[in-house]
Amino acid sequence: MSFLRPKDNTQPWKGRYAPYDLVKELCIAVGVITLLAVLLTVLLSSPDDKPSTIAQWSHELPADFATTAAKELAGTSDTAEYGPPYNHESGSVQHFLFLHPQRWLGVSHPINTADDYVIKPLETIPNDPALTSALAEYKGATEKQKKEWSEAYAKPLEAYATAVEEKKAPPSTVSVNQSTGAVTVKASGAGPVPVMMTSLQSLAQSGGLEGGLVSSSQFFQTDYTKPLLFMADGGLLAERAEQQHLLGEQWGLMNETGSYPGQPWLWLYALWYQVEPMKSSPNADIQVLLIMGLLSLAFICIPFIPGVNILPRKIPVYKLIWKEHYRSEP
C-alpha cells in the first residue's frame, strides 16, 4: 500500500524564525492596490463622454433630423426596411445557405416607424388645433397619398443635404435657422406633412420626443432601442463615430472612445470584415459569426484531433517552462 502513502522527503526547518504580521501585510497590500487602481483609473480610463440625445440632434443638425423624420414617416428609412426583429421587411435579413436565424426568431421588438416616431408622439401634444387637423387629414388619407406627401416633403431636404455635402449654395426651398434649430421647407404637394414635421421638431428639441420613445410599463426605463434606431437612421451617430475613430475603416471593433485601441482580443473577429468575400457581402455578420464559431469549436476539440493532439509531446516547450522540475527527474 506504499503507493497510497508516498514517501515524505521534506526536512524539518532548522533555520531562524522571525515574527510575521499577516494582518499588517494584508492592509498594506490592499492600500497599495487601491491607490494604484485609483491612479490608473484617473490616468488611463475611458473618457466619460456625454450621451447623444434626440434633443441634441434636432438642435445641432435640424435639417438632418427633419429628413430622417420624413423617411420614418414614408417607411423608407433603414429601420423601416430592416426586417426582423423590428418588422417583416427583408432589407437587412442575414442568411447563409439554409441558415436564416433572423426569420426563424421572428419579430421580437416590433417597430412601426411612422406610428412610433411621428404619429404617436404628435398625438401627445395638447391644445394645437392646426396639428390636430393635420393629423386627422394624414390618417384619413390612403397609403399611396401618405407616401406621396412624405416624399414631396423629403425631396427638398435631400437636395439641401447634397448641396451642403458638396459645399454648394443650398436650394431656396429649405431654410434653416441655426440659432433656433427651426427648419422651413417649401414643398408643393406635401399636404399636412410640413405642419406635422414642424411640431415634431419642436417636440424633439424640448426633450419630449425622446422621453416618449423610452416610456414603457416597467418602473425603470432601460429600453433605449427606439431612440437609438431613430438617431442611427440619421447622421448624428455616424458623425460622432467618425470623430471618435469608431468606423470600420478606422479602428472599428477594436477601439475605445478616442484614438486609442481598446479590445485587442477582438482582432481576429474584426479581421474577417476586411477580407473578401465578407468585406463586400451584405451577409458579413452571419458569415463572420460562423467562421468564429468553427474556429472556437476547433480550438475546443484540439485534444481530440489526431495529429494535433500530439504536438505538445513532439514540441516539448513545456520542458523549458518547467525545466527545474525536469532537471530533478531521472
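The values are calculated or read from the model by the stated rules, or taken from the named source; none is laboratory data. These numbers come from a predicted model, not from an experiment. Glycine gets a Cβ as well: all are built from the backbone with ideal geometry, and neighbour counts include every protein chain shown. All accessible areas refer to the heavy atoms of the entire protein, side chains included, with ligands and DNA or RNA removed. Shrake-Rupley method; radii C 1.70, N 1.55, O 1.52, S 1.80 Å.
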* region 37-96 versus region 155-178: alpha-carbon centroid distance in Å -> 22 Å
* Asked: Under 30 Å Cα-Cα from residue 319, which lysines qualify once same-chain neighbours fewer than 8 residues away are excluded?
  -> 7
* Structure fact -> With +1 on the Cβ of every Lys and Arg and -1 on the Cβ of every Asp and Glu, the dipole magnitude of the chain about its Cα centre, in debye rounded to the nearest 20, is 1760 debye
* Extension gain (nm, one decimal) between residue 22 and residue 298, 0.36 nm per residue minus Cα-Cα -> 94.8 nm
* To do: State whether region 116-204 is rounded, prolate or oblate according to the following rule on the C-alpha gyration tensor (a ≥ b ≥ c being the square roots of its eigenvalues): a/c under 1.5 gives rounded; otherwise a/b larger than b/c gives prolate, and the remaining case gives oblate.
  => oblate
* In the structure shown, do any of 146/168; 71/168; 167/226; 144/186; 120/144; 139/226 have a Cα-Cα gap over 29 Å, and if so which? -> 146/168; 167/226
* Asked: So if we plug the beta-carbon distance of residue 247 and residue 95 into 1/(1 + (r/R0)^6) with R0 = 25 Å, what FRET efficiency do we get, rounded to 0.05?
  -> 0.45
* Counting only heavy atoms of protein chains, what accessible area per residue, in Å², does the chain have with a probe of 1.4 Å? -> 69 Å²
* the chain - mean residue ellipticity at 222 nm from DSSP helices (-39,500 (n - 2.57) per run, n ≥ 4, rounded to 500) -> -14000 deg cm²/dmol
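How big, on average over all directions, is the shadow cast by the Cα convex hull of region 54-243, in nm²?
The number I arrive at for region 54-243 is 13.2 nm².
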* Can you tell me the FRET efficiency between residue 13 and residue 313 if r is taken as the Cβ-Cβ distance and R0 is 41 Å, rounded to the nearest 0.05? => 0.60
* Asked: Which order, highest average first, do 301-313, 15-27 follow once you tally other Cβ atoms within 10 Å for each residue and take the mean per peptide?
  -> 301-313, 15-27
* **Extended-chain gain in nm, criterion 0.36 nm per residue less alpha-carbon gap, residue 49 and residue 321** => 93.4 nm
* Structure fact -> Of the accessible area of the chain, computed with a 1.4 Å probe and all protein chains kept, carbon and sulfur make up a percent value of 62 percent
* To do: Translational diffusion coefficient, Stokes-Einstein: compute it for the chain using the Kirkwood radius over C-alpha pairs as Rh, at 10 °C and 1.306 mPa s, and state it as an integer in µm² s⁻¹.
  => 61 µm²/s
* Figure the gain on full extension for residue 38 and residue 145 (residue separation times 0.36 nm, minus the Cα-Cα span) and round it to one decimal in nm. => 32.4 nm
